[in-house]
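Laboratory data are not the source of any read-out in this text; all were calculated from the coordinates shown. A quick note: this is a predicted structure, and the numbers were derived from the prediction, not measured. Positions of Cβ are backbone-derived with ideal geometry, glycine not excepted, and every protein chain shown enters the neighbour counts.
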Amino acid sequence: MTCSASGPKAKVIDPMLNGNGCTDPGPVALRILFSGYAHVHFACFRPLYERLIRIPGVQVYVSGGLRSSTESGYRYDQAAMYSPFNLPLDRILTVEQITDESFDVLFSAHTQLILPRRVEKRIQIFHGVSFRNRAVRLENLNNDHYFLAGPYMRRRFVEAGLFSQDDKRALSIGFMKTDRLINGELDRSRLLKEFGFDGGRPILVYAPTGGVANSLESMGEDVIRQLSASGEYDLLIKPHDHPKNASINWFERLAPLEDEHCRVVRGPDVIPLLYLADLLISDASSVSSEFCLVDRPIIFLDVPELIENAGRAEHSMLDLNTWGRKTGLVVDRPENIQSAVALSLSHPHERASIRQAVAADLFYNPGTATDAAMAWLQRNILDGRAIHQRAMPVTKTDPGIAFRAQEGRHLEPGQSN
């Protein structure tokens, strides 16, 4: 079925409501735009998008696209950016189109905004929190409101002199992308089937950052080979979706390493992988922060050159002292990875108190950040336009995914040893 986007009673496909059918949105009271240039940017907005498109009178559009550099500037590929998310085509606008459009609200998860002709309010939602604190910089002060991930991010903005202690722009919302990591929405059995695993082996996720001199560039392939050769684990490899060094196609390069127990994940969202993982391997990526919400072991592959570069950057906010890599072991050579993984899985509660403290400091409203965002939008934007949300099921945060301490495996809620 197709729907025309023309005419005063144009109907749009809303896959979140009825899959293939059409709904009449009625009078438009609020026009919202999201723009970004990487899959992770929209993954951070998607929980809010799924709420907003259900509200009569609200139209939500997206723009931007996977970004590449050309001699004349940036090129944005909308199809590559949004096709994995199955969005209705008539809600995807090119960067050129939005230069002629006006919107009431713009949501972004990155610093260099992709702007329409006119917008009333700009809201920054961020796309992660790591010890490099890349979001805490002067260039980010081009928004009207900031959905802060947690207390730590607030402190860093204040310490940098970018926010005052009681700055009204800084809102205690949380990190919406991580809600379904702990709110019971994900299904372990379905995910295991999707990746072709039977759940008999511990699952390791390797998700490096995309900065220059990241661990995938320095030792990642050897680490994968070492773990595969052990014959003890199921591996999920998630290359960064917008690495600084774009000369290597990591999906193609890592493909020869795939087998029945090793998958290179091409999907746009790391959260299902973190939900499955018994242990995370990373380097300086914000996924290590997010993984603290499930309180399972972490291993950091050492990236001294990347960290040195981050420390030398102008107005650097690198912070290895507050939390840094205290949540897990640091491995400096591929040949040490097997022993580090075995040790971490055999003692899964080691550093648990640190991981729990990190999660509390880095994230407001864990599991319910989207609820907090919608409550703020209702009070500050929707109510002023007489727009009211449809009744939504109450989100219940997963009470915890416990560890099977002896095996280093995690349990589903209600499951026993």
Fluctuation leader among SER69, SER189, SER164 - the chain, Gaussian network, Cα springs under 10 angstrom: SER69
Label point 7 Å beyond Cα of GLU350 along Cβ direction - residues of the range 297-335 with amide nitrogen under 18 Å: 297-302, 325-335
FRET efficiency, SER68 to GLU120 (Cβ-Cβ, R0 25 Å, nearest 0.05): 0.25
Length-normalised contact order of the chain in % [C-alpha pairs under 8 Å, at least 6 apart]: 16
Charge dipole of the range 183-362 about the Cα centre (unit charges at C-beta), most positive-ward option of ILE237, SER339, PRO297: PRO297
Derived scalar couplings ³J(HN,Hα) [the range 275-282; Karplus, 6.51 cos²θ - 1.76 cosθ + 1.60; whole Hz; x for Gly, Pro]: 5, 6, 5, 7, 7, 10, 10, 8
Packing-based ranking, highest mean first, of 172-180, 364-372, 236-244, 330-338 given that Cβ atoms within 10 Å are counted: 172-180, 364-372, 236-244, 330-338
Of PHE131, ILE92, PRO27, farthest towards positive along the dipole that unit charges on Lys, Arg, Asp, Glu beta carbons give the chain: PRO27
Size of electric dipole in the chain: Cβ of Lys, Arg +1 and of Asp, Glu -1, about Cα centre, debye, nearest 20: 1140
In the chain, lysine pairs closer than 20 Å at Cα, eight or more apart or cross-chain: 4
Among GLU96, GLU71, GLU159: highest mean-square fluctuation, GNM of the chain, C-alpha pairs under 10 Å: GLU71
Under 5 Å, built H, 5+ apart or other chain: amide partners of CYS262: LEU235
Sum of -39500 (n - 2.57) over DSSP H runs of 4+, divided by residues of the chain (222 nm, nearest 500): -7000 deg cm²/dmol
Amide H within-cut-off set for ILE281, under 5 Å, with H built and near neighbours excluded: VAL205, TYR206, ALA207, ILE299
Built amide H within the under 5 Å cut-off of PHE103, gap 5+: ARG118, VAL119, GLU120
Value of relative contact order over the range 183-362, rounded to a whole percent, pairs C-alpha under 8 Å and six or more apart: 25
For the chain, with +1 on Lys and Arg beta carbons and -1 on Asp and Glu, the positive-most of LEU186, GLY324, ALA372 along the dipole: ALA372
Pair ASN321, HIS388: separation of 7 Å Cα→Cβ label points (nm): 5.3
Note, ³J(HN,Hα) from phi for the range 127-133, Karplus 6.51, -1.76, 1.60, rounded to Hz, x at Gly and Pro: 10, x, 9, 9, 6, 7, 6
Cα-centre dipole for the range 183-362 with unit charges at Cβ (Lys and Arg positive, Asp and Glu negative), debye to 20: 200
Which label in [x] 20.9; [y] 22.2; [z] 29.8 gives the computed mean projected area of the Cα convex hull in nm²: [x]
Part-to-part distance (alpha-carbon centres) for the range 70-130 and the range 297-337, which is given in Å: 31
Antiparallel DSSP beta bridges within the chain, as percent of all bridges there, nearest 5: 20
